[in-house]
Amino acid sequence: MGRMSAPSSESQAPHRAGFACFVGRPNAGKSTLTNALVGQKVAITSNRPQTTRHTVRGIVHREDAQLILVDTPGLHKPRTLLGERLNDVVRTTWAEVDVIGFCLPANEKLGPGDRFIAKELAGIKKTPKIAIVTKTDLVESKALAEQLIAIDRLAQELGFEWAEIIPVSAVKGEQVDLLADLLVPLLPESPPLYPEGDLTDEPEMVMVAELIREAALEGVRDELPHSIAVVVEEMLPREDRPADKPLLDIHANVYIERSSQKGIIIGPKGKRLKDVGTKSRKQIEALLGTPVFLDLHVKVAKDWQRDPKQLRKLGF
């Protein structure tokens, strides 16, 4: 991929837009890096349920490109079936994004956790992978050079190649712009996918969907750990209400993969779904600070987890 240098050719360069996710073991500097790239604190890590599937963590808007950073749940050695399914979710995400950035702190030797993730990355053939050496402000150049060599060797051992290896210091803002420059050519040609002002993906709607999903999963986690997706179709203030008695109408669909799962979600005589509605409505009201009318429907989206078109529609 030639880099265009002449300004005249630059203006004809096609606009690119796509998705990237940063992976790495805990404390590898993923959130700090996201914030540095987006230029605002966006990794909403507090008061947020930890079950998110593709939450958009931040959007980097540029003249020539739009880079959308999505979250994935952490990959871990599965001890349970749920763990295995969670790992499947991670692999699915990795296969769906346009580029993966593997964050490795400069100040810690490569460990078994890094190898485990790298081995999984080796299995995702199509998606380009960039190794990002974070926290470079914490080491001398000699140690950094050794780390870069070790990371290069790691890929060789596992039979794949990094698209780029780049050292950054998010804290000092060093090489962060360069990282964006390296990620952009790996994105597909596309017009912007989000409006200019967006930094995160409608946090309120996302959080509302997440609360409903949590309530729907409660008690049936073993039967359908991840085959539930919730899409908030609309959130509108009810008209004809006095200002001191507002009501927010929320219409949401709970999608499951197979019609056989419908009974599990709805429960005998619809009791379970009613409970899900009541429970999530209380939490949504607490979150938004306003009374809510919640309209919930259960729909079947066949094998949505394996169908990229459905996933897009479901906001993943």
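Yes or no, residue by residue, for (1) in contact with a helix residue (DSSP H, G or I) (Cβ under 6 Å, 6 or more places away or on another chain); (2) in the same structural domain as Val56 (by TED's automatic domain parsing); (3) surrounded by fewer than 18 Cβ atoms within 10 Å (Cβ to Cβ):
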| site | (1), (2), (3) |
| --- | --- |
| Leu211 | yes, no, no |
| Leu217 | no, no, no |
| Arg221 | no, no, yes |
| Met235 | no, no, yes |
| Asp240 | no, no, yes |
| Asp249 | no, no, yes |
| Ala252 | yes, no, no |
| Ser260 | no, no, yes |
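Condition check: surrounded by 14 or more Cβ atoms within 10 Å (Cβ to Cβ), farther than 24 Å from Ala17 by Cα and among the hydroxyl-bearing types (Ser, Thr, Tyr). Does Ser141 satisfy that? Don't jump to the end; show me each part of the working.
Details: surrounded by 14 or more Cβ atoms within 10 Å (Cβ to Cβ): no; farther than 24 Å from Ala17 by Cα: yes; among the hydroxyl-bearing types (Ser, Thr, Tyr): yes.
For Ser141, the condition - surrounded by 14 or more Cβ atoms within 10 Å (Cβ to Cβ), farther than 24 Å from Ala17 by Cα and among the hydroxyl-bearing types (Ser, Thr, Tyr) - is not met.
Quick one: in region 74-91, of everything that is surrounded by 17 or more Cβ atoms within 10 Å (Cβ to Cβ) and either within 23 Å of Val231 (Cα to Cα) or among the charged types (D, E, K, R) (or both), which residue is modelled with the lowest pLDDT?
Leu86
Return yes when Thr93 is out of contact with any helix residue (DSSP H, G or I) (no Cβ under 9 Å at 6 or more places or on another chain) and either within 15 Å of Arg25 (Cβ to Cβ) or in the same structural domain as Thr34 (by TED's automatic domain parsing) (or both) and no when it is not. If you could, list the steps in order and put the result at the bottom.
Numbers: out of contact with any helix residue (DSSP H, G or I) (no Cβ under 9 Å at 6 or more places or on another chain): yes; either within 15 Å of Arg25 (Cβ to Cβ) or in the same structural domain as Thr34 (by TED's automatic domain parsing) (or both): yes.
Criteria met by Thr93.
Would you mind telling me which numbered condition in (1) surrounded by 19 or more Cβ atoms within 10 Å (Cβ to Cβ); (2) in contact with a helix residue (DSSP H, G or I) (Cβ under 8 Å, 6 or more places away or on another chain); (3) modelled with pLDDT of 95 or more Ser169 fails?
Result: Ser169 fails condition (3) only.
Considering region 215-263 alone, what residues qualify as being closer than 19 Å to Gly289 by Cα and in a loop (DSSP other than H, G, I, E, B)?
Within region 215-263, Arg238, Glu239, Arg241, Pro242, Ala243, Asp244, Lys245, Pro246, Leu247 qualify.
The values are calculated or read from the model by the stated rules, or taken from the named source; none is laboratory data. For clarity, every value in this text was computed on a predicted model and none was experimentally measured. All Cβ positions, glycine included, derive from the backbone under ideal geometry; neighbour counts span all protein chains shown.
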